[in-house]
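Novice: Okay, handing you the structure first.
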Amino acid sequence: MELIRESGISDSFALCGGCCSCATCHVYVDSTFVERLPPIGDAEAELLESSGRRRSGSRLSCQLQFLEELDGVKVTIAPEPW
């Protein structure tokens with residue numbers, strides 16, 4: 001999430017600052033990396049469901065740490081729900 005915010009992508013991205021409470025950092029992770037991600041927690045799953053835009057590879061970027069095994073990961077920012 002921080003990497004995306006620091007790149008200046010959008011003013012309305014990650015409004016809660018990474019507290020897993022708003023789902024404005026919703027991204028679609030490239031399918032080749034999905035299996036490398038940590039499991040989705042309950043709070044993240046609930047927010048993704050309520051976003052109305054959940055699909056395969058949906059994650060909240062605030063819940064993903066940029067680790068060596070994710071080097072080169074590609075994500076697409078989900079459309080804003082409003």
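The values are calculated or read from the model by the stated rules, or taken from the named source; none is laboratory data. What you see is a predicted model, and the numbers here were worked out from it, not measured in a lab. No Cβ is skipped: glycine too gets one built from the backbone with ideal geometry, and neighbour counts run over all protein chains shown. Quick note on the areas: whole protein, heavy atoms, side chains included, nothing else; ligands and nucleic acids left out. Shrake-Rupley method; radii C 1.70, N 1.55, O 1.52, S 1.80 Å.
Novice: What are the residues in the stretch 67-78 that are open to solvent by 70 Å² or more (accessible area, probe 1.4 Å) and under 12 Å from the mean Cα position of the chain (by Cα), if any?
Specialist: Within the stretch 67-78, 74, 76 qualify.
Novice: While we're on this one: Spot the failing condition for residue 52; the list is (1) open to solvent by 30 Å² or more (accessible area, probe 1.4 Å); (2) among the small types (Gly, Ala, Ser); (3) touching a Ser or Thr at 6+ places or on another chain (Cβ under 8 Å), and only one is missed.
Specialist: Condition not satisfied by residue 52: (3).
Novice: I want to confirm something. Restricting to the stretch 5-18 and keeping residues that are within 14 Å of residue 80 (Cβ to Cβ) and in contact with a Cys (Cβ under 9 Å, 6 or more places away or on another chain), which single residue is most open to solvent (accessible area, probe 1.4 Å)?
Specialist: 15
Novice: Still on this model: Which pairs turn up if I take residues in the stretch 27-45 that are under 16 Å from residue 74 (Cα atoms) and open to solvent by 20 Å² or more (accessible area, probe 1.4 Å) and look for partners that are of a type in the set (Asp, Glu) and not in a loop (DSSP other than H, G, I, E, B) with beta carbon separation below 6 Å, at least 6 apart in sequence or on another chain?
Specialist: 36/69
Novice: Which pairs turn up if I take residues in the stretch 58-82 that are more than 15 Å from residue 48 (Cα to Cα) and look for partners that are open to solvent by 60 Å² or more (accessible area, probe 1.4 Å) and part of a helix (DSSP H, G or I) with beta carbon separation below 7 Å, at least 6 apart in sequence or on another chain?
Specialist: 66/3; 69/36; 70/36
Novice: Could I ask something else about it? On the basis of being over 10 Å from the mean Cα position of the chain (by Cα) and open to solvent by 50 Å² or more (accessible area, probe 1.4 Å), does residue 21 make the cut?
Specialist: Yes.
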